[in-house]
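Novice: Have a look at the structure that comes next, please.
The values are calculated or read from the model by the stated rules, or taken from the named source; none is laboratory data. Quick caveat, the model's predicted, so the values are computed rather than measured. Please note: Cβ atoms are built from the backbone with ideal geometry, for glycine as well, and neighbour counts cover all protein chains shown. Ligands, DNA and RNA are stripped out before the accessible areas are found, and what is left, the full protein with its side chains, is counted by its heavy atoms. Shrake-Rupley method; radii C 1.70, N 1.55, O 1.52, S 1.80 Å.
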Amino acid sequence: MTLFKQLVVVCLFSACFFSCKDESKKTVGEDSKSEYANFVNAMKTEGLSTGNILVYEKGEVIFKSSNGLRSINPIDSLDLDSQFRLASVSKQFTGMAIMKLKEAGKLEYDQKVNTILTDFPYDNITVRQLLYHISGLTDYERIIDQNFVKEDSTKQYILGNDEILKVFYRVDPELDFQPGEKWEYSNTGYLVLASIVEKISGQHFRDFLKEQITDPIGMANTTLYNYQIDADPKMPNRVFGYRKALNQKDLIINDYNIVNDVRGDGGIYSTVEDLYKWNMALANHTIISKEYLDEAWESGKTNDGEYTGYGFGWFLEYNPGEPRVINHSGGWFGFVTFLHNEVDAKSGFIILTNDSGENFGPIYDNIERLRAGEPYQMPKKSVTNEMAKKIYEKDVNEAITFYNSVKTDTISYRVGENDINQLGYLLINENKIDAAAQIFKLNIKEHPKSANVYDSYGDALLMQGDSIQALANFQMCYQMDESLMYAKDKAEALEKALKN
């Protein structure tokens, strides 16, 4: 599995771990704004970034803050005007774009995609199925990784929808499952939705969003960015993603990817205050009528009638008759974001971070704690960060010895499968293949029932030249979890190579 996918898993879906020590010093009568400020200041004192945060209740902003770096080269601090890459939080804007076309009578949700995009190679997928993530389209990142040919190996390519769809149509990959058969999160589906908007409207998706969505509600600092690797004088408030180096001392830029110009599934940059305007426009029905939003916030269903908990670009966290709660997370190189909207209560919060998810868990959980009137808690120490330091200071054996000595100390340390896996891929990125293999092997020992750990170990074995054992681990991964198509692809490719 790629490092990015590991980071997303770690940042968005792992549990948040905290020490029991109460650092909030809460006093009776102290207002909630002070509690949020206390948390941010405590994190800042420990050298921990919290990015940009905004919390609002009953339509009124009660707290907002900036704490961290906008750029590491040159060093520059965040402020409230800083524009973060939203990653998958962008999907709700794509959903809204489709809704605006429906409102204008220019498409139907149950319309076949190939009636709009005539080169689209599947004749059984509808616009609605794309919106609901039940189309069966395979991952475009995998298709590009395996099939895009770089004519100039020294060039850093930046691909957008047109280039990606050209490759996708040429490869014509099989569907991962038949449309409607099950729910599976699909970046490809939302890329296709943006291309549908462009085809029908005759406008670039950026221009359509600006004209139909962001300008009408005053989101002046929100744009679908035409990605550039270096600083852009036309966008001085743009935030860059970064991460801490494996030695736990240096900072490294973590902002570029070959598909950084994709539109529809991500690519929008915005600020916390603009996103507050967006949430309120949804709550007040000022961007589109309640009728359209009600449908957008109804759960999709699979063919067998099972509800998916996902609407037209939003996760849904409510049952029929209950106050509506919609939200979405985003994770992409350097960035982890979250937009929470309690529509009926007109309350919510926004988190925008650019330190590769290093502190996202504690930020999210503490906002939830403080909103519930509970004291905040400072995060536990990262076992894998300490292991990384020991690998640099001595060797991997010292790191594993340390891990074994503290792994049961769950009061002081954060210990988890995803953390270990992430460490392994960071070691691979720094060409420490043998050390990475030992870390992945440790993860198998600690989590033998997890399919993904075998895939990761297989990656390291393949890099070490042990194709036979790598194949066995890829096969084991897929046998344990048939949804992990990347392991199946690796196994089939390796089998083919071994026969030749």
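Novice: How large is the dipole of the range 154-295 about the Cα centre if only Lys and Arg carry +1 and Asp and Glu carry -1, each at its Cβ, rounded to the nearest 20 debye? Let's see the in-between values first.
Specialist: Values: 15 positive and 22 negative charges, 109 e Å.
Using only the charged Cβ atoms, the result is roughly 520 debye.
Novice: At 0.36 nm per residue, and after removing the present C-alpha to C-alpha distance, how many nm does the segment from residue 469 to residue 397 gain when stretched out fully?
Specialist: So the chain would gain 23.7 nm between residue 469 and residue 397.
Novice: Ranked highest first by average number of other Cβ atoms within 10 Å, how do 371-378, 426-433 line up?
Specialist: Numbers: 371-378: 15.8, 426-433: 17.6.
My ranking of the peptides, most packed first, is 426-433, 371-378.
Novice: Relative to the Cα centre, what is the charge dipole magnitude of the chain, using +1 at the beta carbon of each Lys and Arg, -1 at the beta carbon of each Asp and Glu, and rounding to the nearest 20 debye?
Specialist: Working: 53 positive and 73 negative charges, 149 e Å.
Dipole about the Cα centre, nearest 20: 720 debye.
Novice: Using amide H atoms built in the peptide plane, which far-off residues or other-chain residues are under 5 Å from residue 63 H to H?
Specialist: Amide H to amide H, under 5 Å and 5 or more residues apart or across chains, residue 63 pairs with 55.
Novice: Considering only protein heavy atoms, what per residue accessible area in square angstrom results for the range 148-284 with a 1.4 angstrom probe?
Specialist: Numbers: 6110 Å² over 137 residues.
The answer is 45 Å² per residue.
Novice: Using r as the Cβ-Cβ distance of residue 104 and residue 185, and R0 as 41 Å, what FRET efficiency do you calculate, to the nearest 0.05?
Specialist: That pair, residue 104 with residue 185, gives E of 0.90.
Novice: Percent relative contact order of the chain, based on C-alpha pairs within less than 8 angstrom and at least six residues apart?
Specialist: The value is 21 percent.
Novice: Still on this structure, please answer the following. Between their Cα atoms, which of 166/490; 166/210; 155/389 are more than 29 Å away from each other?
Specialist: Working: 166/490 23 Å; 166/210 26 Å; 155/389 33 Å.
In this structure, 155/389 exceed 29 Å between Cα atoms.
Novice: Taking a ≥ b ≥ c as the square roots of the eigenvalues of the Cα gyration tensor of the range 108-263, is the shape rounded (a/c under 1.5), prolate (a/b larger than b/c) or oblate? Intermediate results must be reported in sequence, preceding the final value.
Specialist: Details: a/c = 1.90, a/b = 1.33, b/c = 1.42.
Here the range 108-263 falls in the oblate category.
Novice: Excluding residues fewer than 8 places away in the same chain, name every one of the lysines whose C-alpha is closer than 17 Å to that of residue 33.
Specialist: 25, 44, 58, 64
Novice: How would you order 128-134, 278-284, 227-233 from highest to lowest mean count of nearby Cβ atoms within 10 Å?
Specialist: Numbers: 128-134: 23.6, 278-284: 20.9, 227-233: 11.9.
Final packing ranking: 128-134, 278-284, 227-233.
Novice: As I understand it, the dipole of the chain uses +1 on the Cβ of Lys and Arg and -1 on the Cβ of Asp and Glu, about the Cα centre. Which of 41, 229, 356 lies farthest toward its positive end?
Specialist: Farthest towards the positive pole: 41.
Novice: Continuing with this model, one more query. With runs of 4+ DSSP H residues as the only contributors, calculate the mean residue ellipticity of the chain at 222 nm using -39,500 (n - 2.57) per run, divided by the residue total and rounded to the nearest 500.
Specialist: Values: 18 runs with 201 residues, N = 500.
Helices in the chain give a 222 nm mean residue ellipticity of -12000 deg cm²/dmol.
Novice: In square nanometres, what is one fourth of the surface area of the convex hull spanned by the alpha carbons of the chain? List each step's numbers first, then the result.
Specialist: On the way: hull surface 97.4 nm².
Taking a quarter of the hull surface, the average projection is 24.3 nm².
Novice: Here's something else I'd like to know. Which of the trypsin sites (Lys or Arg not before Pro) found in the range 439-497 are loop residues per DSSP with 11 or fewer other Cβ atoms within 10 Å of their Cβ?
Specialist: Numbers: sites: 441, 445, 449, 488, 490, 496; in loops: 449.
Sparse-neighbourhood loop trypsin sites (Lys or Arg not before Pro): 449.
Novice: While we're looking at this one, here's another question. For the chain, which whole-number percentage of the solvent-accessible area (1.4 Å probe, protein heavy atoms only) is attributable to carbon and sulfur atoms? Walk me through the numbers on the way to the answer.
Specialist: Details: 10240 of 21860 Å².
Of the solvent-accessible surface of the chain, carbon and sulfur hold 47 percent.
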